[in-house]
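The values are calculated or read from the model by the stated rules, or taken from the named source; none is laboratory data. Fair warning: this is a prediction, and the values are worked out from it, not measured in the lab. So basically every Cβ, Gly included, is an ideal-geometry build from the backbone, and we count neighbours across all protein chains shown.
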C-alpha cells in the first residue's frame with residue numbers, strides 16, 4: 001500500500017506545482033498590475049462613450065461586421081473581458097450592436113454605442129469584415145442572434161456561463177465563414193451552449209471538450225491549443241505564434257491577420273481579419289447607455 005501511495009503523492013505534488021506556476025501565478029501577477037492601474041468605483045463613474053474606433057455610419061457606405069472585446073468592470077477585469085457584435089448593412093445610416101449583459105433581460109440590441117468603452121476600457125477589435133464579405137455574414141449573424149437560446153430573464157450566469165462571451169461564441173459557431181477567435185480571457189466562451197460536452201470548433205478544423213464550462217480542452221487550426229481550468233485559459237498558437245496565459249490573455253501575434261475581400265474562398269466564405277481600425281468619426285449616434293437601469297453583478 002505504501003509503495004502505491006508514494007507515486008500518487010508525487011503525482012499530486014507535480015499537479016499542484018504546475019497549477020500554481022501556470023494558472024495561479026499569471027493571475028496573481030496580472031491582478032497586481034491591474035490593481036495598480038485602478039478602475040472606476042462604479043458603473044456611474046465609468047466612461048461609456050464611443051471610443052472612436054468606427055467611422056460615422058453615414059460616411060461609410062460599405063457593409064461592416066465587427067466583434068469587440070473589452071475588460072469587464074471592477075475587479076472582474078483581472079480575469080475576463082466582455083465581448084459583443086456590431087453589424088451595418090450597406091448604405092445604412094447607423095450600426096447595430098448585439099450583446100448580452102448580466103442585468104434585466106440579457107440580450108440587448110443597441111444598448112450602447114457600437115464602439116463604446118466598457119467600464120472605461122477601450123475595446124480591442126477581435127474580428128473585422130467589410131464590403132461583400134460582411135454582406136455574406138450579416139444574415140447569418142442576425143439569425144443566430146434571433147435564435148440564441150439563453151436570451152431570456154434568468155438565463156444569464158456570470159460563471160462559467162452562459163454569459164456575454166457564450167453568446168458571441170454561439171453566434172460565431174452558427175455562421176459559416178465567421179472564423180473569429182475570442183480572446184482567452186473571454187470567460188464563458190467554452191460553455192457548452194449547444195448542450196454537448198464534445199463538439200467541433202466553429203471552423204470545423206478541430207474539436208473542443210467542455211465539462212460544463214468549468215474545465216475543458218480545445219484544439220483547432222484557428223483556436224490553437226487551449227486548456228481551460230475554472231475559466232482560466234493556458235495555451236499556445238502555432239499558426240500565428242502566441243502564448244495564452246490566465247489573466248494576461250494572448251501574448252504574441254493577433255489570432256487573425258488583415259486580409260482583403262479577394263481572399264474569399266470558393267464556397268463564398270472568407271477568412272477575415274482581426275484589425276485595429278484607425279480612430280475617427282463619431283461612432284454610432286445612439287445613446288451610449290440607459291441611465292435608469294439598475295446594474296447588478298455581471299459583465
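So the values come out like this:
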{"read-out": "Count - residues of region 56-83 that are in a strand (DSSP E or B) and touching a helix residue (DSSP H, G or I) at 6+ places or on another chain (Cβ under 7 Å)", "value": "6"}
{"read-out": "In region 23-42, residue farthest from residue 115 (Cα to Cα) [restricted to those that are buried (at least 16 other Cβ atoms within 10 Å of the Cβ) and out of contact with any helix residue (DSSP H, G or I) (no Cβ under 9 Å at 6 or more places or on another chain)]", "value": "23"}
{"read-out": "Yes/no for residue 144 being buried (at least 17 other Cβ atoms within 10 Å of the Cβ), under 25 Å from residue 220 (Cα atoms), in contact with a helix residue (DSSP H, G or I) (Cβ under 8 Å, 6 or more places away or on another chain) and without any contact (Cβ under 8 Å) to a residue 40 or more places away in the chain", "value": "yes"}
{"read-out": "Count of residues meeting criterion [surrounded by fewer than 20 Cβ atoms within 10 Å (Cβ to Cβ) and under 29 Å from residue 40 (Cβ atoms)] in region 77-104", "value": "4"}
{"read-out": "Scope region 163-184; condition assigned to a loop (DSSP other than H, G, I, E, B) and free of Cβ contacts under 8 Å to residues at least 40 places away in the same chain; matching residues", "value": "175"}
{"read-out": "Residue selected from region 47-59 under the condition in contact (Cβ under 8 Å) with a residue 60 or more places away in the chain and over 16 Å from residue 84 (Cβ atoms), by the criterion farthest from the chain's Cα centre (by Cα)", "value": "59"}
{"read-out": "Search result, residues across region 199-252 that are in a loop (DSSP other than H, G, I, E, B), closer than 20 Å to residue 160 by Cβ and either without any contact (Cβ under 8 Å) to a residue 60 or more places away in the chain or out of contact with any helix residue (DSSP H, G or I) (no Cβ under 7 Å at 6 or more places or on another chain) (or both)", "value": "201, 202, 211, 212, 213, 214, 223, 230, 231"}
{"read-out": "Selection within region 114-137 - under 20 Å from residue 48 (Cβ atoms) and surrounded by 24 or more Cβ atoms within 10 Å (Cβ to Cβ)", "value": "114, 115, 116, 118, 126"}
{"read-out": "Top-ranked residue of region 30-45 - restricted to ones that are assigned to a helix (DSSP H, G or I) and in contact with a strand residue (DSSP E or B) (Cβ under 9 Å, 6 or more places away or on another chain), ranked as farthest from residue 103 (Cα to Cα)", "value": "30"}
{"read-out": "Near pairs, Cβ below 9 angstrom, 6+ apart or cross-chain, from region 14-32 (on the phi < 0 side of the Ramachandran plot and in contact (Cβ under 8 Å) with a residue 24 or more places away in the chain) to any residue that is assigned to a helix (DSSP H, G or I) and surrounded by 15 or more Cβ atoms within 10 Å (Cβ to Cβ)", "value": "27/78; 30/78; 31/78"}
{"read-out": "Scan of region 225-240 for residues that are modelled with pLDDT under 95 and more than 19 Å from residue 24 (Cα to Cα), ordered by number", "value": "238, 239, 240"}
